[in-house]
Amino acid sequence: MDRYRISRRRFLTALGGLGAGLLLRPAWPDRPGRKPLVKPIPASGERLPVIGLGTSRTFDVPPGSEQSHALRPVMQAFFEHGGGVIDTSPMYGNAEAVIGELLGAVPHDRPRLFAATKVWTWGEQEGIEQMQRSMQRVGVERFDLIQIHNLRDWEVQLETLKAWKAAGRVRYIGITTSHGRFHDELEVILETQPFDFVQLSYNIGNRDVEQRLLPLAQERGMAVLVNRPFMRGELFSRVRGKALPAWATEFDCTSWAQFFLKFAVSHPAVTCAIPATSKVHHMIDNMGAAYGRLPDAGLRERMLQHMQAV
């Protein structure tokens, strides 16, 4: 979970007092007609908001507990601020069941929800049964996206996913990794296999996937979901006590979280980043990155140079 045990701090420059207080208030939901930034899924042209919701660790709490009840306003804030993509996995303990509980309790626009999970097991029948359990837990008749988690038994699971997609049991199929040691194998897989999505780790502090995997996803027409956009909280540690640069206003950025998220989703190959949080104010802050301008190539380079200097 990004930001796990690490406090979020915001830093504003050039403004103080009342002006800074106004900037800290999320203004976008109150502005009629303002919509979140979206990017297309290459396989279909369907557009997704560039900021989604990851659920690793944060949603692994007992269903029906005080902890799961406390997540209701988090989920509500996600939808109220334009969210759509919710990513989970059987690997995340109770997360799927908690998502199902929250979706049943929190008002939301069902067509906007883009429900994504993963298959994370060995064997054909085990994979089928796991995906069926995931549908029951999340409470959906079909997932928008099912991904093979960390390449586990990918050849076997891919055959099932292709059959499910052909039968309309899932809309898109994908594959994921959060480990650099799998990058070489993932590259070979992406070069030949018909995935709609790939999910991988990418952030301003770890840009290894820029060398080959992100360009390959573009070449192959695959959407990219970004996990660990905060480098599991390490990026916040690097900027603790540091002021956000004044020129961040050039891409409508008012916090370090938005700085890091806007860097990730402004890469041409990236479709959506999926930061995880269990805090309402963090959720609102994260969703702020889905509004306003994104940094262009020149500003991205300036962001990199700034992070090297802090």
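Just so it is clear, none of the values below were taken in a lab; they were calculated from the coordinates. A quick note: this is a predicted structure, and the numbers were derived from the prediction, not measured. Please note: Cβ atoms are built from the backbone with ideal geometry, for glycine as well, and neighbour counts cover all protein chains shown.
Where both partners of a DSSP beta bridge lie in segment 44-309, what percent of those bridges are antiparallel, to the nearest 5?
Antiparallel: roughly 5 percent of the beta bridges in segment 44-309.
So which residue, out of Gln258, Gln211, Gln67, gets the largest mean-square fluctuation from a GNM of the chain using Cα contacts under 10 Å as springs?
Gln211
Sort Ile51, Ile86, Ile284 so that the residue with the fewest other Cβ atoms within 10 Å of its own Cβ comes first and the one with the most comes last.
Ile284, Ile86, Ile51
With labels modelled as points extended 7 Å from the Cα through the Cβ direction, what inter-label distance (nm, one decimal) is found for Ala105 paired with Arg293?
For the pair Ala105/Arg293, the computed spacing is 4.2 nm.
So how do His281, His149 line up by other beta-carbon neighbours within 10 Å, fewest first?
Going from sparsest to densest Cβ surroundings: His281, His149.
Enumerate the amide H contacts of Phe114 below 5 Å, restricted to partners 5 or more residues apart or on another chain; note that Pro and chain-start residues carry no placed amide H.
Val85, Ile86
5 Å is the cut-off here: which amide hydrogens, built 1.01 Å from N in the peptide plane, fall below it relative to Leu48, excluding neighbours closer than 5 in sequence?
Here the answer is Lys39, Ile41, since their amide H atoms fall under 5 Å of that of Leu48.
List the lysines whose alpha-carbon lies under 23 Å from that of Lys165, not counting same-chain residues fewer than 8 positions away?
By straight Cα distance, Lys165 reaches Lys39, Lys118.
Step through the residues of segment 226-243 one at a time and calculate ³J(HN,Hα) from phi using the Karplus curve (6.51 cos²θ - 1.76 cosθ + 1.60, θ = phi - 60°), rounding each to whole Hz and writing x for Gly and Pro.
Each residue of segment 226-243 in turn: 9, 9, 6, x, 9, 6, 6, x, 4, 5, 5, 5, 5, 9, 4, x, 9, 7 Hz.
Rounded to the nearest 500, what is the 222 nm mean residue ellipticity of the chain from helices alone, with -39500 (n - 2.57) per DSSP H run of 4+ residues and division by all residues?
Roughly -11000 deg cm²/dmol at 222 nm, from the helical runs in the chain.
What order do you get for Met303, Met283 when you list them from fewest to most C-beta neighbours inside 10 Å?
Met303, Met283
Quick one: which residues, 5+ away or cross-chain, put their amide H under 5 Å from the amide H of Ala276? H built at 1.01 Å from N.
For Ala276, whose amide H was placed from the backbone, the distant partners under 5 Å are Asp2, Gly54.
Run the numbers for Arg133 and Ala166: contour at 0.36 nm per residue of separation, minus the present Cα-Cα distance, in nm.
So the chain would gain 9.9 nm between Arg133 and Ala166.
Among Phe260, Phe251, Phe78, which one shows the highest mean-square fluctuation when the chain is modelled as a Gaussian network with alpha-carbon springs under 10 Å?
Phe251
Distance between Cα centroids, segment 36-68 to segment 211-243: provide it in whole Å.
Distance between centres, Cα-based: 16 Å.
Taking Rg/Rh (Cα atoms, Kirkwood Rh) as the quantity of interest, determine which of (1) 1.04; (2) 0.96; (3) 1.01 was computed from the displayed structure.
(2)
I want to check the label-to-label distance for His281 and Ser237. Put each point 7 Å from Cα in the C-beta direction and report it in nm to one decimal.
2.3
Between Asp208 and Gln67, what length in nm is gained on full extension when 0.36 nm per residue of separation is reduced by their alpha carbon distance? Show your work: numbers first, answer last.
On the way: separation 141, 0.36 × 141 = 50.76 nm, distance 3.60 nm.
Answer, rounded to one decimal: 47.2 nm.
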